[in-house]
Each structure stands twice: as structure tokens, then as C-alpha cells.
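Q: Got a structure here, written out as C-alpha cells. Questions coming.
The values are calculated or read from the model by the stated rules, or taken from the named source; none is laboratory data. Every value quoted in this text rests on a predicted model; they were computed, and no experiment measured them. Every residue, glycine as well, gets a Cβ built from its backbone with ideal geometry; the counts of neighbours run over all protein chains shown.
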């Protein structure tokens, strides 16, 4: 290889090695000897002796002649040992900083310097291989997430097959051997004196990045050390490093996210039965708080170094998911080498767990089920899950949901400081954990719910899969799970865009399993009531976060199970009800404070159910019994799934009769409820039909499992009867046949959901946003809107979106705010011919477009048709300031010519009217006076340079803080027509939604409550 | 129950339940709003936040040519914005004003935006108003109530483009007013006694948003002495009016400046007609439908003692117009009367009454779009000072089969009203009420109310055409 130094015709730059000896060990001599063997021409050596052994200096002189030995106290930190080098040695261009465990291979320093010179690296490290077995890798640098978790490029112990032998940018190189540019070392002040244990190396590299330097792994240079020496950075030091090096604007997000990560780590530690991890995660915060002054001082020092914006450094970091995977890794596997091997071992164990008591059929079933799920979703995985029905979109920034949740901001409608829905935080957490962006998070949340339902059904079936000998009957579990997976309920919920149905499908098997196990109706060991309540409570709380009426559903299920159980184990019925009711109460408690909002009389049903329809749906009892509720068609074969239920009711004996009776009661009860909601216009709206039918699906599938068990107990080996054997045969055939339509549904590849949403067919509207940000008012049949809406009339709902993007929070409309009520009032005024200027009433709210969809998706898709009332269209057509635009036959689009841009500045002389309709109608439109409409901000802090005038932040002023050149600005109370109007002079405006300590405490308490409940539900103690 | 029987009964019950649940509820769309869809100019009687009126076009070259009168019949002042649109000009001129309660504010369009033709959009906030347009040219004076709503179809039965060999005679300008932001596409077709006609220039006519377009029908359809107009939009909604001037070189002289009818109907009423020496009266019937209309024309004499008439049956072929001379009605006598037109076979038609008055020094022609609705309250915004009211007449017709008591009240400043006259009308009767006792107000506005639905029309003075009052619904 050509030597760039020689090519450039310059002398080799002077290099000083700094070797820190911490304690006597056999590798000291080898480490120093390797330095002596280096042939780099301008090399000087400094050895820092922290061993406290008086014989060491002499030994150093013998092995490394000419080295400067500097004895220090053994308690000296790494930084205190190394940092003086810049004072002790002058003229060096690079420092090579080593510890006493690392042995350099010949030529390592020269190669490090060559590449560092060539690539202008600030910090570089060699490829480190195992001291005993050089074919095993120890380190080739590491990536890092924003929390300071190191993610090694190579697993320690991984076989070296030259797969990492390219020079690459990394975030950090390990402490054992670091080449550091001397000028940068001086600039950034060397190592942080408060860090040790490897954190100081990460910190140095992080600050090098902030100072604009590159960090490289240079595999051509090799060093050796024992793979057993690799140790993780202590949790508190990692946390400190992240807190110190993160910029001020990112710091709140980091703290919030880290709190969430701590909660995850606590849960993960409990789940993986390594509570030490949970303790360490919590104690880290305690350590940081007790060293807060040091942290703040370090932050001030780092602030003076910043050359590169924080966001550029973040671009060098990896997502948090990379580290999260390591939480589940068995520490015993570290250093054992084969990454694939350890993965294989985990897979084998997982498979073994899946096969509990079973056969290879279990594995086959699960493989087939997962493959079918993936095949059936292939077009969604390959493309994008459209925003249809309640499949609302998620923000591109994964931090946003968590942050707005922690700040207590609900962006539904026009925004408010009402307690944000718990589901918002859960989705934010999910978005943090899942790579691939918001669309992937949405899709995998749905598919994950389906898969969760199957696993829950597997566990539920296990309760009834008890053979005559007491052993687990795998066939029962397979039968129940397969039937559950094949029922078209989840497919129809996805196809119709009803997230509630999918959530109920995923959660209810777990609920029923807990009710059965906690009530003792099933023959297995009795789960303690507290554990059962905790399980019902946690699962119910998760489901309630997305289906607010779910606790009521659980209560009804428990009552039905208890009713059916009266056929057998009547004494246990009371426990089922107790567990159901208490678990539901716990669900509501875990969703506080959001669940407290349900008490609002004007908003309760908007959250619990849906907008009341003008006419009954009229699917018919037959369709409900076949779960034929959506686009995935099911023929008469679908009735076959009911055969197993009839079979167990007729044939089952003993405890099986109790369970069968309970399942039958659940099925009959919820079919009747669903039928009533389908056949009549009830005075109160009910949840989506898939939510109501989810208990029926669970009952039918569990009956299939129970049927197999019943066959083993009550049919097999018994004398022939005109009922038992023929009915068993018929039920089996019917159940198998009934699966065909569900399995055939995978052919579509997208569960019949429309292949696009209105963001595609109406995309030209988004392109007009250069004139300012805007909102869209959607009105029409609730099933055609892109989000759950508010009631406008029976069968008619409305919602608002930010541009065409449906805010995630719109999944939980809640009670309309006063501002939202202005929209309803304005539309009703137009409907009553009280005004022909609806646009003028809506304009100050930033509503630029009014869209009335007649289908749930664009005209070129298969989206079903839901006609809006013609009078609504006539009303809008008659408005003088609404201009009809022809874009999509499936939606009437009107542009409001009197709209006021959001986040704009209105001219100072504009007389902004009040919110009273008469005053607004009498005023001239103020849209022409928007003199600047380019600032963009969300719930985050952001700044913009604005001209003098009235600044409109486009949302309610409550909770927001506006500062002009550092001075607080109060809202203009007279400009009540506009949302968040502030009189400002020309200058730099900072708009932020500040953190609230009260809200943070509430969020922390909620996280803690979830953790406690989760921990209680994990207990496996059983009552004999 | 024996389980064996349950095994049999359960599936059967299931099948029976599914079979019994075959009836499906009727699909029903959501109910939204309470738009009455009032055809033609009308006032809403319920409390109003705002109201909008559309005056599709009057000349406004110089002061007095075109005037828009805004009546506030309420007891609170009403703020109004008057936006004036010029022919084919996108730019508009707006002016704000306040209409005091019980008063009329007249806007002289030439002072706001002088032009060959102005359309006016009146938006009132704080209550209901009544708006009328009047025009005055060398041919004469005419006017009507403006439109209180837009529509996708408009009809005129009477009309002429017979401008004679020297270019004199009738000058027919159709005004198409699109007050909305979006463009409208309008098709205009024509009906004559000989059948339908079309003009390429007026098919798929694009009327840009917020503009007025004036169409010279003399160029589109040449020399048709009887021309009915049917306008329909392919997209958007508009308001259509006409400025039809007869210079007297032909049989007629006068100015028609009124708004078309947005609807067809099976019944039309004309309370204010009459024939006499030198006065001829015709009913023009236009049938734009595909079916022949069998129409009956009934005359109700103001003086029942002078005799009785026999209803005249008229057959109107599809896509044609028919002119009926009222004098041909059997039993007809000179004097005032009301006319009722009803379609016997349910085919809707358009009816207009034309009166040519050659009894005075200057012959005058007038054409009035009939009333197709009846109401218990009517408003008359335009009026004249008391010194000139000796010939002002209000005509009231009772189309019902029961007697009615009619009260004519003058609206005075402040919104109160005072009684002017009380008329008792028998079934199917008509009355003429001369206004000889009104206050010295500069403008005389009237409010007519009855205990059963009636129809009201007014003639301001001799030589000025009759105008239909505005119903309150």
C-alpha cells in the first residue's frame, strides 16, 4: 500500500503512546513488549503506573527502554491518569492510549497513523481479537444509540472471517487502544474525570463527534485482548454520558424517552427473570440525581465544544431498537462465540416452549399460521397501510407521541390540555421500539395484535386441553387456535379499517383465559384471584386504551361465563364475576387520568361507541353468525364453525360442561347484542360489530378446543350413540370446512382493505401548503371518514385533520372542545340557511378544505360506498366562499376562500373579530392579511423570525408559551376568532409547549402503576 | 331438556332464526339541516342570522339607471355588504351599509360602480332583508324582487329578439350571474311556438367564478318574436335575469328588468291583470318538458257582479311556447281580474303575464313572472312618496276555497307597522286596493298579511309595470 505520508513528502508525525497500568497482571509485560516492538519511527512512550507496586517502574524500563514512567495513586481515575499527557509531552500529533490488557500486533501504530492521516480521523481504534484465539473478534468499534447504549459492530467472540475488515466510521472505539489526535484531545479537554468503566472512552468519542471529528475503526491495525475482558458500561455512567452530551433542545426528549426506556427495562428485567437489570435501570437515575451538579457542569463544558449540530450527531447514531434486542439476550451467551449459534439456541428453546406437551404438529401449525398471516398481509408489508376508518396515521418523528403524551397535550381536533389518551403513550412506546418508521409501526401493531390473539387463544386452549390422564392434549390447542385464526373476524376488521375489532380480537383470548384460570372452572391449578385480576386488568387496560368500552365487555363476558358455569361448577361462578369486575375496574384505573374523561356526559359515547347511525346496518343474523362483517366474504360454509359449540353443549360432561356452557352463554349473549345493534337503531351507539363479535369468536374457537377434549373424554371409547359419535363427526367436518373461507382470504394480500386512501387521490391539496398550513374539515357517514368523528346528526359525523394527515390522537375524539363546537355550530347555521358564508366562519380555525367523502377510500379503489345526505352537499354548494374542486369522484372537495393560514402572522392593522358567528359574518375576510405563513411548529419548542402583527399559532393558547426575543408574550384575548393569537413585534419568536412537572408526575405514576400491575400478573403462584 | 333433542333443536333453531331474519331495515340517509329550497324570491319568517340576495343585472351607466332597494322589515338594524359585479370583470366593488329597522336603503349602482350592466350581491347580517332591483332607461322603467337563492335551472316564458329591419324593436340581454368562486357551465336553450331552438354560442357557456356575463340574445337567436329561455347548469349554480327593452318601433314599448323563475310549476297566479280599451293581456306558457301539457287558464273578475268566465283549455306541446290572449276567454269583460293557470295533467310549465297598455300617451309593456306559491305574509319593498301614490295599487288574490281577511300595513321606521287597509275576500276572489292613505315617508314599504294563504302584486303608478310581492315563508 502506498504510504500517504511518504507520498506527501512529509515526515512521519510524532506519536506518543500512553499506557495506563492499573493492577499487576501477566499481560502487562506483553502489552509493553508489543509497544517496544513497534517500528514507527517517531514514537515516544509514557507509562502511567497506577499499580502501586514499587517494582513496576523498573520492570517497565526493562521491557520498554526509554519510556517515561509516571507513578500515580492506584485510586486515580482513567482521566486523571491520561489527561496530563498533553502537559507532560509536547510536540505529539497523535496519542495512542492503551490499557495494560491490550497487546498490539506489530505495525499497528503505523497503520493507525497512516489511516488516520489519510482519512483525517480524530479518533481511531484497531481491530481487537481474542488474546488466546486470534480467530475470534473482540471489537471492531461500536455504534451507539442516543441513550448511550453501545451496539458493537461485531459480537464479542464472533469468528473473524475478515467480514469487518473495511475501514468504517463508527461512533466509538473501545478504551483498550485509542489513537487520538493530540490537538483535539487538548481542545475537548481529554477524558471526563467523572467517568470510568469504559464510559470515558464513549464520552471522548461522542465529544469528538460534537467537535466535528471522525471516529474510525481501522481493522488493518490489530490488537489482542481477552474476550472475557469485555464488560458493559455501568448503567449510571451510560446515562450520565447521554445526559451530558445531548443538546439542550433534545434533552427533554431524551429524558422522557429514557424514562420510558427505564420502564421497559424494568419490565424486561422482570420478564427475563433478571431483576438486577431492573434495579440497575432505576438506580441509574438515583445516581444521576445525586450527581446532578457534576452533570450540569459537564454539560456546560460540552456546550462550549459544539461545532456540529446535535441532529447531525444523532444521524450517526443507531435506533434504540438495536439496543433493545440486547435486553433479551442471555448474558451467559456473551463471549461464547457463535452469534448464529446462540440465536439458534434461543429459537430452539422458543420452539420447545411452543410445543409444550405437544407434537411436531404444533410447530407446523404455528409456522403455517405465521406464514399465512404474512402472505395475507404481503401487499401491506410491501406497500403501505392506508389511513382508512380508524387506522389513523402516526407522526414521522417517533418521539413526538411520547412527548405530547408526557406533556399532556391532546392534538385531537384543535388541541387541548385534556389528559391525553393512554393509547397515545402506548403507541409512542411502540413507535420507539419498532424500526421502519410510522407506517411499519401501524401495520405491525395490527398484525401484532392478531398474532397476540392467536397466542392468547393457544394459552386459553391449554386450559381446556386436559386429557383423561391429565396430560395436555396438543390437538385441542391446535384445533382452537386454528379455528380462531381461520375465523374471518380479524380480516374483516382490518379490511374495514376498524382498529377496535383487531384489538378486541387480540385481547379477549387472554381475558377469557384469565377468567377461566382465576375462577377454577377449568380443571387446572387455580390462579390466585389477585394474579387473575391483575392479568385481566393489564390486558383490559391495554385494550381499553384503544377500545374504551372494553371493560364493560369484560364484565359481560365474565357474567356470561359464570352463567354458563352454573351448569357444572356453580361454586366457581362467583369468582369469575369477581375477577371480571375487579379486573375491569383495574383497567379503568390503569387508564387514569384519561379514563376520567369518560365521565363527561357529552363525550362518553363518542369514546365508548361510535356516532349513532341513521339506520340499522342490517347485515342479518346469518352474516353475524358467520362473522361476515366486512369485505372478506364468507359463504354458507362459515356457519360450520358453530358446530363445535353445539357439540360441546350437547356432549360434554363434568367440568367440560361448565366451560362449554359458559362459552355458549358468551356466544349467544354477544350474538344477540350484535344482532340488536345490527337490526335496530338503538338509543345509544355500541362499539364496532367486530368488537361485539370478538367474544363470540373466542367462544367458538375455545369450543373447538374443548370439543377435541370432550371427544377424548366423553366420546372416544364410549358405546355408540345416535348423538355423540355422529355429532362429533359432523362438528369436526363443519369446523374444518368453515376454515376454508378464512384461509382463502389470504389470497388478496391486503385483507381487502382499499389499496390507497385519500392522501393519494387528494395529494394535490397537500401541495398547496406553501401558502400556509391548514386544516381539513371532513363530514359524512362515520364509516367514510378517515378518523372517528363527532356527532353532527344521526349517521353523520365530522372530524378535522392537519392537512390531509390524520393525527394519531383523533383515534380518541373525546368530547368536543368549545372550539370544536364552533365548527358544528357553523355547519348547522349553514344547514339552516342562516348563512351562505360558512367559509368565513371556518376560516379563522385554519380550515381550508371541506371534504365530504362518499366512500371510505378513493374512487379507484374498492372502498365501500357510504352516501352523505344530499342536503349536506347542497348546503356546501350554496356557500359563496366555498369553491368546489373536482379531484376524486369519491369525495366532494370544497376550498374555503376565506381561510386563515395556521401558524401565520396577520398584519398588525387587521381587525380580528371575535368568535361570535354574527361578528365573523359581518367582518371582512382576514385571509388576505396573512403576511407570513411559513413558520412550522408542533408540540415541540421551535423558533421563527416573524414580522410585526398578530401571530397565530393555530391552536388553543392553553398550555402554550410564546416568547418574543426571550420575553414572554400574552395572548390577545380580543382576537377570539383565531386560535392562539399573540400580538408581536418583529423579531424571533419561540413557541413551545413547556413541560409540566405535575403532568410528568402523573405520567410517572401511571407507568409505575402499569409496572406494578404487570408484575402482579406475572406471578405464577397457584392455589392448590 | 334431553340433550339429544337439544342436538336436533339447536341447529334447527339456528336455521329458523337466520331464515326469519331476512327482512332488512330500509337504508336511510342521515338528515341534515332544514334547507327549505325556496323557489323564487322569498323571505324566511324564522329568526335569521343573515340573508343573501342576488340581483342578476341592471343597467348602471348613470345615476338612477339602476337601483337596488334593501328593506329591513325587522326591529333591529341590519348590517349589509353590497358587492357590485361588472360584466365580465373579475374585480368587484363592495360597500358596507346599515339598514335601519323598518326602512329601505336605496343603492344607486352608478355611484358605486358605473357600467353598462351591474349585478349585485347583498349580504345582510343580523336579520332578514328584502331586496328589489329597478332599472330605468329610455325605453322605460322596470324591476322585480331579486333572487334569494341560486339555482341550477332558470326559466323565462316571455321574450323577443325581433329587432326589426332597422335594428330597432326588442333588445334582449340575458344576465348570467355567478356569485361563487368556482366557474359555472351553463346551457341555454330556447323555446318558440314552432319548437325548440339552440345557439352554439350559448351552449356550455363558461361563466367564471364571481363574474357577471351578459348575453345579447339578439345575436344568439335572431328575430324571434316569441322566445322563451331555459337555462340549466352543468356545474355550479347561477342567477339569471334579463334586461329586455322595447323601443316602441314594434308593437311594444317598455323595459323588463326582472329575475327569471328558478322553477316550473303546475299552478301559477297573477293577481294584478286586467284588460280595457287599449290594454291587451296575454299569458305566455312555456313547456320545456318532454310531455305535452294540458293547461287550464281561469280568470277571476274583480267585480263578480259583472259576470263569470269559462276556463280556457290550452294545450302546450313539449319544447314549445304558447301565447294565449286573455280576451279570448269566454265571458271575459273589461276590468281588473286575476288569472290562475293550472296544469291539468301534472306537466309543469312556466307562465308569464304580458300586458301591453296603449291607453295612455306612451304605450307601455310589462311582463310578470307568475307566483307559484301562496303565503300568509308578503312584503313590498319598493314604494313611492305619498305625493305620487294616487295611482299605486295593490292587488290581492285569494286562491283558496275559503274567505280570507287581508290586512295591508305600512312598515314605518323603527320596524313597527300601521294599518293601511283591511280587505275581506271571498273564496277565489280578487281585490284591488288603491293606496290613498299612507304616511309622508319617502319610501312606502308594505307588509300584507292574511289569515289564509294569498297572492299579492303591486303597481307603483301608472306606466310602471306590475311587480310581484315577496312572500314570507
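Q: Only strands (runs of 3 or more DSSP E) wholly contained in region A:1-76 count here; list those with 3 or more residues that are closer than 21 Å to residue A:224 by Cα and modelled with pLDDT of 85 or more.
A: Because the criterion is at least 3 residues that are closer than 21 Å to residue A:224 by Cα and modelled with pLDDT of 85 or more, the strands (runs of 3 or more DSSP E) in region A:1-76 that meet it are A:15-21, A:43-49.
Q: Search region A:651-662 for residues being touching a helix residue (DSSP H, G or I) at 6+ places or on another chain (Cβ under 6 Å) and within 14 Å of chain B (Cβ to nearest Cβ), and hand back the single one that is surrounded by the fewest Cβ atoms within 10 Å (Cβ to Cβ).
A: Per the stated criteria, the residue is A:653.
Q: Hey, another quick one. Go through region A:139-174 and give me each residue that's touching a strand residue (DSSP E or B) at 6+ places or on another chain (Cβ under 7 Å), part of a loop (DSSP other than H, G, I, E, B) and farther than 24 Å from residue A:118 by Cβ.
A: A:156, A:157, A:158
Residues are listed down the side, and each one gets a yes or a no for (1) over 24 Å from residue B:83 (Cα atoms); (2) more than 35 Å from the chain's Cα centre (by Cα); (3) more than 8 Å from chain B (Cβ to nearest Cβ); (4) at pLDDT 90 or above:
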{"site": "A:826", "(1), (2), (3), (4)": "no, yes, yes, yes"}
{"site": "A:834", "(1), (2), (3), (4)": "no, yes, no, no"}
{"site": "A:847", "(1), (2), (3), (4)": "yes, no, yes, yes"}
{"site": "A:850", "(1), (2), (3), (4)": "yes, no, yes, yes"}
{"site": "A:858", "(1), (2), (3), (4)": "yes, no, yes, yes"}
{"site": "A:863", "(1), (2), (3), (4)": "yes, no, yes, no"}
{"site": "A:875", "(1), (2), (3), (4)": "no, yes, no, yes"}
{"site": "A:891", "(1), (2), (3), (4)": "yes, no, yes, yes"}
{"site": "A:894", "(1), (2), (3), (4)": "no, yes, yes, yes"}
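Q: Might you let me know whether region A:83-100 holds any residue that is under 37 Å from the mean Cα position of the chain (by Cα) and free of Cβ contacts under 8 Å to residues at least 40 places away in the same chain?
A: no
Q: OK, next. Residue A:841 - would you say it is buried (at least 23 other Cβ atoms within 10 Å of the Cβ) and either within 14 Å of residue A:758 (Cα to Cα) or away from chain B (no Cβ under 11 Å) (or both)?
A: no
Yes/no per residue for (1) crowded, with 24+ Cβ neighbours inside 10 Å; (2) within 21 Å of the chain's Cα centre (by Cα); (3) within 26 Å of residue A:893 (Cα to Cα); (4) within 14 Å of chain A (Cβ to nearest Cβ):
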{"residue": "B:120", "(1), (2), (3), (4)": "yes, yes, no, yes"}
{"residue": "B:136", "(1), (2), (3), (4)": "no, yes, no, no"}
{"residue": "B:149", "(1), (2), (3), (4)": "no, yes, yes, yes"}
{"residue": "B:152", "(1), (2), (3), (4)": "no, yes, yes, yes"}
{"residue": "B:172", "(1), (2), (3), (4)": "yes, yes, no, no"}
{"residue": "B:179", "(1), (2), (3), (4)": "yes, yes, yes, yes"}
{"residue": "B:194", "(1), (2), (3), (4)": "no, no, no, no"}
{"residue": "B:198", "(1), (2), (3), (4)": "no, no, no, no"}
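Q: Here are some conditions: (1) under 30 Å from residue B:76 (Cβ atoms); (2) assigned to a strand (DSSP E or B). Residue B:155 meets all but one. Which one does it not meet?
A: Single failed check for residue B:155: (1).
Q: Would you check which residues across region A:392-417 are assigned to a loop (DSSP other than H, G, I, E, B), in contact (Cβ under 8 Å) with a residue 60 or more places away in the chain and out of contact with any helix residue (DSSP H, G or I) (no Cβ under 6 Å at 6 or more places or on another chain) and list them?
A: Here is the first cut: in region A:392-417, the ones assigned to a loop (DSSP other than H, G, I, E, B) are A:392-397, A:408-409, A:411-415, A:417.
Remaining after also requiring in contact (Cβ under 8 Å) with a residue 60 or more places away in the chain: A:392-395, A:408-409, A:411-415, A:417.
Correct list: A:393, A:395, A:409, A:415, A:417.
Q: A further question follows. Taking the residues in region B:225-244 that are closer than 15 Å to residue B:354 by Cβ and outside any strand (DSSP E or B) as candidates, determine which candidate is nearest to the other protein chains (Cβ to nearest Cβ). Steps first, please.
A: First, the residues of region B:225-244 that are closer than 15 Å to residue B:354 by Cβ: B:225-229, B:242, B:244.
Retained after the next criterion (residues that are outside any strand (DSSP E or B)): B:225-227.
Working: B:225: 37, B:226: 34, B:227: 30 Å.
By that ranking, first place goes to B:227.
Q: Here is a further query. Going by the conditions given, is residue B:122 under 16 Å from residue B:259 (Cα atoms) and either out of contact with any helix residue (DSSP H, G or I) (no Cβ under 8 Å at 6 or more places or on another chain) or in a loop (DSSP other than H, G, I, E, B) (or both)?
A: When the stated conditions are applied, residue B:122 passes them.
Residue-wise test of (1) within 14 Å of chain B (Cβ to nearest Cβ); (2) touching a strand residue (DSSP E or B) at 6+ places or on another chain (Cβ under 7 Å); (3) over 21 Å from residue A:383 (Cβ atoms); (4) surrounded by 24 or more Cβ atoms within 10 Å (Cβ to Cβ).
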site: A:747; (1), (2), (3), (4): no, no, no, no
site: A:755; (1), (2), (3), (4): no, no, no, no
site: A:761; (1), (2), (3), (4): no, yes, no, no
site: A:771; (1), (2), (3), (4): no, no, yes, no
site: A:786; (1), (2), (3), (4): no, yes, no, yes
site: A:793; (1), (2), (3), (4): yes, no, yes, no
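Q: Please tell me if residue A:820 is over 25 Å from the mean Cα position of the chain (by Cα) and either surrounded by 22 or more Cβ atoms within 10 Å (Cβ to Cβ) or more than 14 Å from every other protein chain (Cβ to nearest Cβ) (or both).
A: yes
Q: Still on this structure, please answer the following. Checking residue A:471 against (1) over 30 Å from residue A:855 (Cα atoms); (2) touching a helix residue (DSSP H, G or I) at 6+ places or on another chain (Cβ under 8 Å): exactly one of these is not met. Which one?
A: So residue A:471 meets the others, but not (2).
Q: Of the residues B:314, B:299, B:295, B:323, only one is within 20 Å of the chain's Cα centre (by Cα) and outside any loop (DSSP other than H, G, I, E, B); which?
A: Values: B:314 fails: within 20 Å of the chain's Cα centre (by Cα); B:299 fails: within 20 Å of the chain's Cα centre (by Cα); B:295 fails: within 20 Å of the chain's Cα centre (by Cα).
Step by step, each of B:314, B:299, B:295, B:323 is checked, and only B:323 is within 20 Å of the chain's Cα centre (by Cα) and outside any loop (DSSP other than H, G, I, E, B).
Q: Just to be sure I understand, how many residues within region A:588-623 are farther than 18 Å from residue A:501 by Cα, more than 14 Å from chain B (Cβ to nearest Cβ) and either part of a helix (DSSP H, G or I) or at pLDDT below 75 (or both)?
A: 14
Q: Related question: Residue check: is residue B:102 more than 16 Å from residue B:71 (Cα to Cα), in contact (Cβ under 8 Å) with a residue 12 or more places away in the chain and either assigned to a strand (DSSP E or B) or more than 14 Å from every other protein chain (Cβ to nearest Cβ) (or both)? Don't jump to the end; show me each part of the working.
A: Numbers: more than 16 Å from residue B:71 (Cα to Cα): no; in contact (Cβ under 8 Å) with a residue 12 or more places away in the chain: yes; either assigned to a strand (DSSP E or B) or more than 14 Å from every other protein chain (Cβ to nearest Cβ) (or both): yes.
No; evaluated as a whole, the condition is false for this residue.
Q: Would you say residue B:125 is touching a strand residue (DSSP E or B) at 6+ places or on another chain (Cβ under 6 Å) and either surrounded by fewer than 24 Cβ atoms within 10 Å (Cβ to Cβ) or within 14 Å of chain A (Cβ to nearest Cβ) (or both)?
A: Details: touching a strand residue (DSSP E or B) at 6+ places or on another chain (Cβ under 6 Å): yes; either surrounded by fewer than 24 Cβ atoms within 10 Å (Cβ to Cβ) or within 14 Å of chain A (Cβ to nearest Cβ) (or both): yes.
When the stated conditions are applied, residue B:125 passes them.
Q: What number goes with the only condition from (1) touching a residue at least 60 places away in the same chain (Cβ under 8 Å); (2) closer than 21 Å to residue A:738 by Cα that residue A:667 does not pass?
A: Exception for residue A:667: condition (1).
Q: Another question, if that's okay. Does residue A:497 fit the bill of being closer than 30 Å to residue A:784 by Cα, modelled with pLDDT under 90 and buried (at least 24 other Cβ atoms within 10 Å of the Cβ)?
A: Criteria met by residue A:497.
Q: Condition first: farther than 20 Å from residue A:500 by Cα, in a helix (DSSP H, G or I), within 14 Å of another protein chain (Cβ to nearest Cβ) and without any contact (Cβ under 8 Å) to a residue 40 or more places away in the chain. Can you find one or more residues in region A:721-728 that meet it?
A: Pass one, region A:721-728, residues farther than 20 Å from residue A:500 by Cα: A:721-728.
Pick out the ones that are also in a helix (DSSP H, G or I) and you get A:724-728.
From what is left, the residues that are within 14 Å of another protein chain (Cβ to nearest Cβ) are A:724-728.
Now drop any that are not without any contact (Cβ under 8 Å) to a residue 40 or more places away in the chain, which leaves A:725-726.
The answer is yes; a qualifying residue exists.
Q: May I pose another question? Could you tell me whether region B:375-386 includes any residue that is over 23 Å from the mean Cα position of the chain (by Cα) and part of a loop (DSSP other than H, G, I, E, B)?
A: Here is the first cut: in region B:375-386, the residues over 23 Å from the mean Cα position of the chain (by Cα) are B:385-386.
Then drop every residue that is not part of a loop (DSSP other than H, G, I, E, B), which leaves B:385.
Looking through region B:375-386, at least one residue is over 23 Å from the mean Cα position of the chain (by Cα) and part of a loop (DSSP other than H, G, I, E, B).
Q: Only one of (1) in contact with a helix residue (DSSP H, G or I) (Cβ under 9 Å, 6 or more places away or on another chain); (2) under 14 Å from residue A:108 (Cβ atoms) is not met by residue A:37, so which one is it?
A: So the condition that residue A:37 fails would be (1).
Q: While we're looking at this one, here's another question. Scan region B:34-46 and tell me whether some residue there is within 14 Å of chain A (Cβ to nearest Cβ), free of Cβ contacts under 8 Å to residues at least 12 places away in the same chain and out of contact with any helix residue (DSSP H, G or I) (no Cβ under 8 Å at 6 or more places or on another chain).
A: yes
Q: Would you tally the residues in region B:47-75 being modelled with pLDDT of 90 or more and within 14 Å of another protein chain (Cβ to nearest Cβ)?
A: Residues that pass the stated criteria total 3.
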